[in-house]
Structures are given as structure tokens and as C-alpha cells.
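Notes follow the structure.
The values are calculated or read from the model by the stated rules, or taken from the named source; none is laboratory data. Quick caveat: nothing in here was measured; it's all calculated off a predicted structure. Cβ placement follows ideal geometry from the backbone for every residue including glycine, while neighbour counts extend to all protein chains displayed.
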Amino acid sequence: MESVKKDLSQDALFDFLPEAEKTADIKLLKTQTVLRRAGKRFMQNKLAMLGLIFIGLIILMAIFVPAFSEFQYNTQDLSNRNALPSWTHPFGTDKLGRDILVRVMVGARVSLLIGFSAAFFNLVIGVIYGGISGLKGGWVDNVMMRIVDIIYSVPSYLYVILILVTLGNGFKSMLIAITLTSWVGMARQVRAQVLALKEREYVLASKTLGAGQARILFKDVVLNSLGPIIIVMVTSIPKAILTESFFSFVGIGITPPNASWGVLANEAREVITSYPIHVIWPMLALSLTVLSFNFIGDGLTEAFE
């Protein structure tokens, strides 16, 4: 073999590549996965990166500001009520002398935790429900999708109100209410992906080799549908935050003395004519957070396209 290579190398028509150049294309193919390509395109989207930076910043502030502040979210100082922003109280104080910055950050903990938790449970329920519906097909698919249609036919806010009235106010009740009313969108998305992919060659090959339906669903279908699933999951976070804030604002969600952005806006409503700045901080935090998640969702949509 070496002699053949030597003879060919002497011919001008043949020029053997070095080993490093032979494997360069293989290494490139290994590294350029779908997620890597999507990640690169996502990082090129300035608005999406701006939204990601803001979400990271608000998460860090929600963790560390209440932990290291000398004030507690429920500590009252009646001698320093409705104070304007200062070095001691950067956002001022409310009608009971409580530090607004700390309360806004504690509210961020509650609102973001509900948003991320609801998105996680929506992902789990939606993938399992939609995956089973799409894989089984036939009458099973028809029955399961009719259940989804029935849930869709009733306004989601009515479900939330009924659940909150039954279970009472509080974090757990709000999380259960939001989760039970918002998983249907994920289920429909997963079902559509399953129907589009279950007849592909690699899925049929898995079936031929005896793979179980759970393996086919999670390994062959879900992993090849991560783009749309991630987009739906991310866009469900601001919806959950807005739902929690709305019901807390009207007084049937998170209730005082607990803090959430909806609770803070409701409390500031009583003094909005005298101290309008009180309502600005929770509404600004809520608006910028929802806007940032929308930027991230748009960036993910473009990246996975």
C-alpha cells in the first residue's frame, strides 16, 4: 500500500491530503448540530440577547437584593411612609413605610417562579398528552383532541377563577390554576409534530427494531421537534406571569402581605393620585419582563427557522 501511495504521489494528478485536513470536514459536521446552529443565530439577534440579559439581571436581583438588604419585604416603618426615592430606599417606601425595591424584587421571585414552574409543567403534560394522542391516532386521538377542544371552548380565566375559589388564594392555588388551563397549547403543538414525524424513515426503523413507544416519542420525535417545543414553552412564561399579575391585582390571586407585581400594583392603586410613582415600579418590572420574554421568543423563532 505504501509503495502504491509513493508511486501515485509522484504523479502530478495525485496529491494526498494530510490527515488533519481529511478529518476537518468530519469535525465540522459533528459540531454543527441543530442546537448549535440555532444558538449562533440566536446570539446574533440583538433584541433577543438584550431580553436574555435583562431576564438574567432581574433573576439575580430577585435572589440577592432581598437577601442582602437591611429591610424585609413586610417590615413596616410608619414614620417613613410614602418616602421618595433615596440612597436608603432607591424606589422609595409605600403607604406602610415598607421598602418598595425589596418588595418589587420579592414580587419578582413570586411572578418568575410561577412563570417558570407553569412552563415546566406545561411542557411535561403537553409532551406526554400530545405525544400519546399523535402516536396512537385513530379513536384515541379523536377522543383526546375533543377533550382539548372542550377545554378551549371555555375562557381560561373562568377556569382560573373556579379553581381559585375552590382551592383558595395563594401561590400553590395560582400555579395549579395556570397549569391546568395552559397545557393544551403545548399538547396541540406536540401532537402536530408527532403526526408530521411519525412516518419518517428513522421512526419506522425504530419501530422495526422493536423500540417502545416511549423511546420513539422522546428520542425520535421530541428531540427532533425541540425548536417548536422550546418556542411554545418560552412564550408560555410571560402568559403565566401576566395571568398571575392580573388575578393578584383584582384580589383573588396572591394576597397581602405576600408580594407579587400584581399585589404591589393593587396596593399602589389606592394612592395613585397622590403618589403615582408607587405604581410605576411594579408595572415597569412587569412590562420589561414580558417584553424581554417576547424578544427571546421572537429570537428563538428566527433561530430555529
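Of everything listed in (1) under 17 Å from ASN258 (Cβ atoms); (2) touching a residue at least 60 places away in the same chain (Cβ under 8 Å), the single unmet condition for SER133 is (1). The condition of being more than 30 Å from PRO276 (Cα to Cα) and among the β-branched types (Val, Ile, Thr) holds for only one of ILE150, ILE114, ILE161, ILE100, that being ILE150. Restricting LEU264, LEU286 to those that are closer than 19 Å to MET174 by Cα, in contact with a Gly (Cβ under 6 Å, 6 or more places away or on another chain) and surrounded by 15 or more Cβ atoms within 10 Å (Cβ to Cβ) reduces the list to LEU264. Only one entry of GLY134, GLY126 meets the criterion of being over 22 Å from MET61 (Cβ atoms) and more than 19 Å from the chain's Cα centre (by Cα), and that entry is GLY134.
VAL106 fulfils the conditions (1) free of Cβ contacts under 8 Å to residues at least 60 places away in the same chain; (2) assigned to a helix (DSSP H, G or I); (3) closer than 26 Å to GLY253 by Cβ except for a single criterion, (1).
THR273 satisfies every condition listed in (1) surrounded by 18 or more Cβ atoms within 10 Å (Cβ to Cβ); (2) more than 20 Å from PRO90 (Cβ to Cβ); (3) β-branched (Val, Ile, Thr) except (1).
Scanning the range 134-165 for residues that are at pLDDT 85 or above and of a type in the set (S, T, N, Q) yields one hit, ASN142.
In this structure, does VAL143 turn out to be farther than 23 Å from LEU242 by Cα and more than 23 Å from the chain's Cα centre (by Cα)? In short, yes. Between a first residue in the range 281-293 that is within 20 Å of ILE231 (Cα to Cα) and a second residue that is small (Gly, Ala, Ser), which pairs have beta carbons less than 6 Å apart while being 6 or more apart in sequence or on different chains? From the range 281-293, the pairs are SER292/GLY51. A single member of ILE114, ILE125 is touching a residue at least 12 places away in the same chain (Cβ under 8 Å), assigned to a helix (DSSP H, G or I) and either among the charged types (D, E, K, R) or within 21 Å of ALA214 (Cβ to Cβ) (or both), and it is ILE125. Would you call THR301 out of contact with any Pro (no Cβ under 8 Å at 6 or more places or on another chain), surrounded by fewer than 19 Cβ atoms within 10 Å (Cβ to Cβ) and not in a helix (DSSP H, G or I)? So THR301 does not fit the description; no. Checking the structure you have, find out if any residue of the range 162-171 is more than 22 Å from THR255 (Cβ to Cβ) and either of a type in the set (A, V, I, L, M, F, W, C) or loosely packed, with under 15 Cβ neighbours inside 10 Å (or both). No, there is no match, as no residue in the range 162-171 is more than 22 Å from THR255 (Cβ to Cβ) and either of a type in the set (A, V, I, L, M, F, W, C) or loosely packed, with under 15 Cβ neighbours inside 10 Å (or both).
Under the condition of being acidic (Asp, Glu) and either loosely packed, with under 13 Cβ neighbours inside 10 Å or not in a loop (DSSP other than H, G, I, E, B) (or both), the residues counted in the range 53-94 number 1.
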